[in-house]
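Structure first, then comments.
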Amino acid sequence: MSTSDGGHRSEAVAAIADREYGTAGDRYTRAGRRVLADPRPDVDPFASDPKGWVGIGIGYLATAAVCYRVAGAGERATRRSVEGIAVARDLAAGLDRPVQRACLAEFVADFRVIGGTGDAATAYDEAADAYESSPPDERGPQYWGTTPLFEAAAAPIKQVARTLDNGEIAVTWEDLHGSDPADLGAFLGARPTYKRQRFPGLLERVTEAGVLAAPRGTTEYSTDHHRCPDCGSTDVNWAAENTLCLRCSRPTAEQ
């Protein structure tokens, strides 16, 4: 996903690799605000956009809040979540398709979980209802599910979950979505239902462990050119211009 984050996301991932989660939260915050202000040269963040590029900025704010939680900075996580909720609600005026507004409601529920800012379960139910009530759309749910807005809303739970699964993909497309892609409401409405069931527990476990994995990028298994100095793995994750161990997210060394 190509947006103008000023290099702050790459710095955030590097901070995660160094296990400097407070710094990572700061960098993700800067990336989020940069994208929210000016996502792409051809995109007005306050205008209708069928891909929802501005949603990547909201996703970075959510990941920033997760980083603060893991760092033990609960108050900063809460403040960032309050900020994210306000932004998501405000952007609903521009992202005017009903399914996009439902996705923004899904973000609101995520921020409630991350920041402890209210009744997350009810917020997820409201997001599911918003999907269910969305009228049929000519683009179809599979199109919407692969747009930057929807992928950004899936990214935080995926990053948290892979932390607990040895760096592997722990939340799949099939996990997040319903079984019938012909039914827009049920197909996308499965997302907040799944998150309501899984996200709070996953986040609690990561917070207790005090460790967060880097996002998954391009991967290669059993390489003969890299070995992790920390855990010895030869599996590599190239994420946001960083070369990391797929398993422990520490910087990996070229052999």
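The table for this structure:
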quantity: Area accessible to solvent at residue 179, 1.4 Å probe radius, in Å²; calculated: 120 Å²
quantity: Karplus-derived 3J(HN,Hα), 6.51/-1.76/1.60, for each residue of segment 198-208, Hz, glycine and proline x; calculated: 10, 4, x, x, 4, 5, 4, 5, 5, 4, 5
quantity: Residues whose placed amide H lies under 5 Å from that of residue 244, excluding near-sequence neighbours; calculated: 237, 238, 239, 252
quantity: Heavy atoms of residue 203 accessible to a 1.4 Å probe, total area in Å² rounded to 10; calculated: 0 Å²
quantity: Over the chain: helical MRE at 222 nm, DSSP H runs n ≥ 4 each giving -39500 (n - 2.57), nearest 500; calculated: -18500 deg cm²/dmol
quantity: Two-decimal ratio, segment 121-239, of alpha-carbon radius of gyration to 2.2 N^0.38 Å; calculated: 1.25
quantity: In Å², nearest 10: area of residue 33 left accessible to a 1.4 Å probe; calculated: 120 Å²
quantity: Distance in nm between pseudo-label sites at residue 243 and residue 37 (7 Å out along the Cβ direction from Cα); calculated: 3.3 nm
quantity: Acute angle (nearest 10 degrees) that the helix 98-115 long axis makes with the longest principal axis of the chain, alpha-carbon atoms; calculated: 50 degrees
quantity: Nearest-ten-degree value, helix 120-132 long axis tilted from longest Cα axis of the chain; calculated: 60 degrees
quantity: Diffusion constant of segment 8-215 at 20 °C, which comes from Stokes-Einstein with the Kirkwood Cα-pair radius and 1.002 mPa s, µm²/s; calculated: 129 µm²/s
quantity: At most 15 other Cβ within 10 Å, DSSP loop - trypsin sites (Lys or Arg not before Pro), segment 84-141; calculated: 139
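The values are calculated or read from the model by the stated rules, or taken from the named source; none is laboratory data. Since the structure is predicted, the reported quantities are computational estimates derived from the model, not experimental observations. Neighbour counts are summed over all protein chains in view; Cβ atoms, including those assigned to glycine, are modelled from backbone coordinates with ideal geometry. The area values use the complete protein model at the heavy-atom level, side chains included, leaving out ligands, DNA and RNA. Shrake-Rupley method; radii C 1.70, N 1.55, O 1.52, S 1.80 Å.
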